[in-house]
Amino acid sequence: MSIPTYRAVEPLYIVMLRNNNQAEPMFKTWIRKHQIEHATVAGNRMMLHHQQAFDRFLVTWAHEWTAITVWDTWNRRHIYMD
């Protein structure tokens, strides 16, 4: 008997960096630097599949916050970083 593993296909949070053509390398550098395992990047969007990754993002993101928008897929709402 094997133990099933679960990996969420839909991310918990989608972080978008607006008006920045360096968004993808910035997100990839952040993921690598903070050793985030459950994240993917596509263009100006970073998909976080784990709550701990989002919490770490909130604490460690060192770039401009005014260009960040977060979509909470569970609650189907935007989280504004004011």
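What follows draws every value from the coordinates through simple rules; no lab data is involved. Here the structure is a predicted model, which is why all the values come from computation and not from measurement. Because the Cβ atoms are built from the backbone with ideal geometry, glycine has one as well, and the counts that use them run over all protein chains shown.
Brief remarks on what is shown
- Per-residue Cβ neighbour rank within 10 angstrom, fewest leading, Glu24, Glu10: Glu10, Glu24
- Cα long-axis angle, helix 23-33 against the chain (0 to 90 degrees, to the nearest 10): 50
- Counting 0.36 nm for each residue step from Arg32 to Arg76 and taking away their Cα separation leaves a gain of 13.1 nm.
- Ellipsoid fit via the Cα gyration tensor, the chain: semi-axes of 23, 15, 11 Å, each the root of five times an eigenvalue, largest first.
- Taking every alpha-carbon pair under 8 Å whose residues sit at least 6 apart, the chain reaches a relative contact order of 36 percent.
- Within segment 10-31, backbone nitrogen closer than 18 Å to the virtual label 7 Å beyond the Cα of Val59 toward Cβ: 30-31
- Principal-axis tilt of helix 51-60 within the chain, Cα atoms, nearest 10 degrees: 30
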